[in-house]
Amino acid sequence: MFYYFKTLSASHYPEKELLPDKMLPGNGHEPVSLKGQYRFYHKLGLYYVLKQDHEQTYHYRKLIFNLTYDNHAVFTEMQRLVSLRNYLTATRNFNRLQEFDHHIGIYRQFDYATNFSKRLFVFESYYTLLFGRLLDEGKFDEVTAMDAEVSAEIESLKEYARSADFFVVHYQLFCAWFALGNYVKALSWLNKILVAATLGNVPHKLHMHCKVLAILTHYELGNTGLLPYSLRSLYRSLKRSSNSAFDLVVMQFVRELSKITNPEDMRVLFVKTRNNLSAAAVTDTLNRDFPPFDFVTWFDEKLKAKVAVESGHKKVAVA
């Protein structure tokens with residue numbers, strides 16, 4: 001089992017204007033009404049998310065969680081559900097994992113047999129948060145143990161949802177199966193994202209990321225016959241729309257990989273690509289719920305395997 005997936009400690013949101021100093025606590029702006037407190041704490045929570053201050057983010061999101069759950073008559077059920085999700089995300093980032101484990105079960109108390117929008121939100125929130133927690137600790141087998149359970153729930157919801165509503169959970173299951181070396185199962189979940197992408201339901205950055213991962217998965221499976229077409233397709237897509245350091249390194253790797261005909265050239269390319277990725281200090285910020293694929297570690301493992309094979313061949317030749 002290899003840890004190909006990195007944990008994101010910080011939440012990643014689109015850039016927004018930060019709150020001015022006069023809006024911070026202690027400047028006489030604290031509202032009195034419950035709804036006013038809700039809006040005020042929400043702005044402060046977002047402010048500290050953008051500042052990547054996990055302690056203060058946790059503090060204000062816990063205040064919102066308590067506020068909404070202690071005042072059912074004032075706040076809607078959807079506000080409570082959203083506040084629970086934000087609070088649980090903050091407990092993960094601030095490493096309050098006992099609180100996370102204690103409160104994650106609240107989602108299982110909701111039963112929306114007919115309200116499918118809320119049922120979908122609860123499903124996506126519960127599994128995304130739970131799988132994120134398990135992947136953080138490398139508990140891949142615990143994630144894959146819920147494969148059939150998740151598949152059944154998605155089947156029951158698919159009539160009322162878009163395929164894109166599930167892509168975070170699809171991606172997390174891909175991660176777990178890939179880490180355990182079951183590349184067939186990993187590819188089955190990855191393909192669901194790629195199919196959704198053809199319908200325009202997946203962000204472009206995630207689509208390109210998954211196309212790269214599909215090539216690596218086919219490589220692991222030994223599906224060399226599929227690689228030339230996949231490489232050409234990926235190269236065309238990246239060339240049209242990408243300019244990040246990661247994309248440029250991948251484009252170069254894809255372009256050169258399609259021309260290689262012998263193992264030594266392959267090894268040289270892997271070394272060069274691994275070094276280029278490391279030098280670029282690639283960090284993927286797709287979404288706070290996505291465990292970014294650690295391409296440097298993957299290339300390192302492939303190089304170790306190649307060295308071991310080459311060493312074994314030399315020993316046989318000497319004998």
Subject >> Checking Ser125 against (1) modelled with pLDDT of 95 or more; (2) in contact with a helix residue (DSSP H, G or I) (Cβ under 6 Å, 6 or more places away or on another chain), the condition it does not meet >> reply: (1)
Original post:
Only one residue in Ser11, Ser83 is more than 30 Å from Lys302 (Cβ to Cβ) and at pLDDT 90 or above, so which one is that?
Top reply: Ser83
Subject >> Sole exception among (1) touching a residue at least 60 places away in the same chain (Cβ under 8 Å); (2) closer than 15 Å to Phe121 by Cα; (3) exposed (fewer than 13 other Cβ atoms within 10 Å of the Cβ) for Val168, by number >> reply: (3)
**OP:** Give Leu269, Leu221, Leu234 a once-over and let me know the one that is under 26 Å from Trp177 (Cα atoms), surrounded by 13 or more Cβ atoms within 10 Å (Cβ to Cβ) and at pLDDT 75 or above.
**Re:** Leu221
**OP:** Return the only residue of Asn243, Asn191 being outside any helix (DSSP H, G or I) and either open to solvent by 60 Å² or more (accessible area, probe 1.4 Å) or at pLDDT 75 or above (or both).
**Re:** Asn243
Original post:
Quick check, is Ala214 on the phi < 0 side of the Ramachandran plot, in a helix (DSSP H, G or I) and either buried (at least 16 other Cβ atoms within 10 Å of the Cβ) or in contact with a strand residue (DSSP E or B) (Cβ under 6 Å, 6 or more places away or on another chain) (or both)?
Top reply: yes
**OP:** Test Ser117 against the stated conditions and say whether it is within 21 Å of the chain's Cα centre (by Cα) and open to solvent by 20 Å² or more (accessible area, probe 1.4 Å).
**Re:** no
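The values are calculated or read from the model by the stated rules, or taken from the named source; none is laboratory data. Since the structure is predicted, the reported quantities are computational estimates derived from the model, not experimental observations. Glycine also receives a Cβ, built like all others from the backbone with ideal geometry; neighbour counts cover every protein chain displayed. Heads up: the accessible areas ignore ligands, DNA and RNA and are worked out on the full protein's heavy atoms, side chains in. Shrake-Rupley method; radii C 1.70, N 1.55, O 1.52, S 1.80 Å.
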